[in-house]
Amino acid sequence: MAKQSRRDFMRHSLLGIAALPLGAGILSKSAFAQDLPRLDPSSDQAQALNYVEDASEASDHPAYEEGETCSNCMFFQADSEGCQLFPQNSVEPGGWCQSWTAQG
């Protein structure tokens with residue numbers, strides 16, 4: 001009887017350990033979904049990539065094409081309005097920067 005209990009314990013322990021990454025992933029998504037501070041367009045990093053909060057303000061930039069906005073860029077993360085290029089900040093979905101890349 002003790003061997004069966006030990007075997008059950010080991011099986012359940014291994015299943016629990018195997019489930020940890022899934023649980024951590026769910027928790028981290030919730031944490032990242034919290035409000036990120038909005039990117040300041042006058043910050044050095046924003047200036048380096050010519051970030052603007054309103055894409056129409058970039059119309060004179062040679063890399064800009066009409067219709068390009070943060071919300072349709074591959075780096076945009078809709079759940080937090082975050083951007084992989086500015087990981088500590090959220091961006092304006094209607095904004096634009098020179099690193100804009102089409103989704104997928």
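The values are calculated or read from the model by the stated rules, or taken from the named source; none is laboratory data. Keep in mind that what you see is a predicted model, and the values were worked out from it rather than measured. Because the Cβ atoms are built from the backbone with ideal geometry, glycine has one as well, and the counts that use them run over all protein chains shown.
Residue by residue, here is whether (1) at pLDDT below 95; (2) in contact with a strand residue (DSSP E or B) (Cβ under 9 Å, 6 or more places away or on another chain) holds:
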{"site": "K3", "(1), (2)": "yes, no"}
{"site": "M10", "(1), (2)": "yes, no"}
{"site": "A19", "(1), (2)": "yes, no"}
{"site": "G25", "(1), (2)": "yes, no"}
{"site": "A31", "(1), (2)": "yes, no"}
{"site": "D44", "(1), (2)": "no, no"}
{"site": "Y51", "(1), (2)": "no, yes"}
{"site": "Q98", "(1), (2)": "no, no"}
Selected residue [surrounded by fewer than 20 Cβ atoms within 10 Å (Cβ to Cβ) and touching a Phe, Trp or Tyr at 6+ places or on another chain (Cβ under 8 Å)] from S59, S80: S80
D54 vs. criteria surrounded by 12 or more Cβ atoms within 10 Å (Cβ to Cβ) and not polar (S, T, N, Q): yes
When residues of segment 83-104 are limited to those that are among the hydrophobic types (A, V, I, L, M, F, W, C) and surrounded by 17 or more Cβ atoms within 10 Å (Cβ to Cβ), the one nearest to D35 (Cα to Cα): V91
Condition check for L36: modelled with pLDDT under 95 and surrounded by 14 or more Cβ atoms within 10 Å (Cβ to Cβ): yes
